[in-house]
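Encoded as structure tokens, the structure appears first; notes follow it.
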Amino acid sequence: MKKLYLLDDAIISPLGFSTEENIQSIREGDSGLKLQQRPEITENPFFTGIIDETLLNQAFSEIGSSEKFTKLEKLIILAVKLILDKNKNLDPTKTALIIATTKGNIDLLKEPGGFPENRLKLSELGKVVANFFGFTQTPIIVSNACISGGLGLAVARRLGNSEKIKNAIVVGADLVSDFVISGFNSFQALSTKACKPFSKDRDGISLGEASAAILVSTEKPEISNVISLIGDASANDANHISGPSRTGEGLYKSIQNALKEASIFAEEIGFLSAHGTATVYNDEMESMAFHRSGLQETPLHSLKAYYGHTLGASALIESIITKHSMLNNELFASKNFGELGVSKPLNVIRENQKKEINYALKTASGFGGCNLALVFKAEKK
Amino acid sequence: MVAATWLWFLKRKRNKMPNQFHIQDWVRVKNGEIFNSEGLVFESSEDKLNPFLKAAYDCFKLEYPKFHKMDGLSKLGILASEIIFRKNKPTEDTALVISNNASSLEIDRQFQESTETFASPSLFVYTLPNIVLGEISIKYKVQSENGFFISERFNAQLLKNYTESLLLSKKAPEVLCGWLDLQNGEYDVFLCLVSKERNIPFSEENLRKLYCAENDKPTH
């Protein structure tokens, strides 16, 4: 299968309005998570990573009028704009737009805010973004729970391999809406602390909101250092719709298939960007799947304590950070990691470190029993 | 001898054709009726979602207690895939590629309503369109590639391109793909099984034809 090259990218999050700002914040150990009290939803306090609306509107006012777009649309448009600004020659009529989101403008269900009802529809979200920039191909919208953002990259590679597309902008975005807060709270899945992936005292997730976009191409760019996607696979646990398989069945299978496609062994993976939501069951399941895959020695982190769980955006943000880790030979610490609290040994990164990485693995899992594994390769001169 | 040579020639010609995949079987669920390649297989006097699903569940003797706790979208997905998989047993790697317009909006509204009193975890779990892929995977023990896409309308081009890319790259030996939409109680389902098994050539045109055949008929 053809490689998919990862070109320019952008992340809009509480940690900053560009990839550079985001990476600098992670490097310094900052977190976007802040304490929230919402007694009308839950008596317990919880942590979320929310983007300041004033800052967002300020940034957006340079390219459009804030009141015409929803918060999520503004996040997506800002991220895509950053990419187009760096690629003036990119023809939007010949570029595919792939949007990954779990809930889109779901906040409008409670507070329509003057927007027409069809704005709730994800296809409408696609249209709004496409029209803003003049993309003429119908946007491809992926809504596959928390693997959506990473699956968007796989979709680009797969369609690219069969020459249906060449260049694509993959964008992932989701909000911290009352809808998802209420839902995760009803599952008793929200942590009362800032989440602590893979730690003994982890007790649930923190939610976050963000958008991320990346330009990808099946054509090799004329730059000396480049990261490409060389293996991708998803697999369903076929076990439970709201909880992971105890043995990490689907995640294990997706890792095996992705490694096989990339034609590399687990030992060659220099870095593993885990899902690490910090729920008791998810992190335990990941440790099982990583152990079965022979990845227990591989340095790994979860970025959830920096961003919170950004749902449909998470696997894309984490892939982008992985790309820059590979380019800069720089691994970031797994924030809020204390004592290992899963039954299989893992090499969780405690402090930022310099390390050359040739191959990296990104994994994600989500409701509906879905799992995803992506293998990236660094080509440096 | 002549016939054998002719058949050999046709097969050879077919093998050289770029389209090497076929719609092995299909099912259409709409307006209280279920069609497949054999014709009308079920008809209910009730076309409203729940009575229709109940009647179809009984008629096809699904005998799957988990069905009752599912949301409408998952029930429709299980019913439609049962009709295909009963005749064509899926493999562990049969991929699932499904699309729709409304995402999970039908159950989203119900969950939103529940949040005004006590947010319901049993509703929340269905507020993602791909949950139906999980339900199908569990029922048929399929641990395969999943993809849920949202389109404004039936997008034969996307379904064909993506399904074909999974088959060509050997990520899946066969794919269950199609359209599974539910909004305001109206359901519109078309699923088909795509493989190398000779039948209807897998093309955008044939996907559109099979999907639209039902739509063109006068509604009752």
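Values in this text are rule-based calculations from the coordinates and carry no lab data. Since we're looking at a predicted model, the values are computed, not measured. Note that each Cβ is placed from the backbone with ideal geometry, even for glycine, and that neighbours are counted across all protein chains shown.
For a quick check: sort A:His275, B:His22 by the number of other beta carbons within 10 angstrom, fewest at the front.
B:His22, A:His275
Please build a GNM for chain B, connecting alpha carbons under 10 Å apart, and tell me which residue among B:Gly178, B:Gly147, B:Gly72 fluctuates the most.
Looking only at B:Gly178, B:Gly147, B:Gly72, the biggest GNM fluctuation is shown by B:Gly147.
Excluding B:Leu123 itself, what net charge comes from residues whose Cβ is under 12 Å from its Cβ, given Lys and Arg +1 and Asp and Glu -1?
-2
I'd like the mean, over residues of B:148-156, of how many other protein chain beta carbons sit within 10 Å of each residue's own Cβ. Don't jump to the answer; show the numbers that get you there.
Working: counts 9, 8, 14, 7, 10, 2, 0, 4, 0.
Counting Cβ atoms of other protein chains within 10 Å of each residue's Cβ and averaging gives 6.
Give me the net charge of A:Ser65's neighbourhood, meaning all other residues with Cβ under 13 Å from the Cβ of A:Ser65; Lys, Arg count +1, Asp, Glu -1.
Net charge in that neighbourhood comes out at -1.
To the nearest Å, what is the center-to-center distance of region B:80-102 and region A:208-257, using C-alpha atoms only?
So the two Cα centres are separated by 23 Å.
Take every DSSP beta bridge with both residues inside region A:4-217 and express the antiparallel ones as a percent of the total, to the nearest 5.
Roughly 60 percent of the DSSP beta bridges within region A:4-217 come out antiparallel.
Among bridges DSSP assigns within chain B, what percent are antiparallel (round to 5)?
Details: 27 of 37 bridges.
Given both bridge residues lie in chain B, the antiparallel proportion sits at roughly 75 percent.
Using the Cα centre as the reference, give the magnitude of the dipole from point charges on the C-beta atoms of region A:226-379 (Lys, Arg: +1; Asp, Glu: -1; all else neutral), rounded to the nearest 20 debye.
For region A:226-379, the charge dipole is close to 120 debye.
Would you mind ranking A:Thr19, A:Thr70 so that the residue whose beta carbon has the fewest other beta carbons within 10 Å leads the list?
Sorted ascending by nearby Cβ count, the order is A:Thr70, A:Thr19.
Need one number: % antiparallel among DSSP beta bridges in chain A, to the nearest 5.
65
Given a cut-off of 20 Å, name the pairs among A:Lys2/A:Lys355; A:Lys88/A:Lys381; A:Lys68/A:Lys121; A:Lys260/B:Lys170; A:Lys193/A:Lys355; A:Lys86/A:Lys304 whose C-alpha atoms lie farther apart than that in the structure shown.
A:Lys2/A:Lys355; A:Lys88/A:Lys381; A:Lys193/A:Lys355; A:Lys86/A:Lys304
For A:Lys81, A:Lys2, A:Lys304, what ranking results if the residue with the fewest other Cβ atoms within 10 Å of its Cβ goes first?
With the sparsest Cβ surroundings first, the list reads A:Lys2, A:Lys81, A:Lys304.
Would you calculate a helix-derived [θ] at 222 nm for chain B, using -39,500 (n - 2.57) for each DSSP H run of n ≥ 4 and dividing by the full residue count, to the nearest 500?
One gets -12500 deg cm²/dmol as the mean residue ellipticity at 222 nm.
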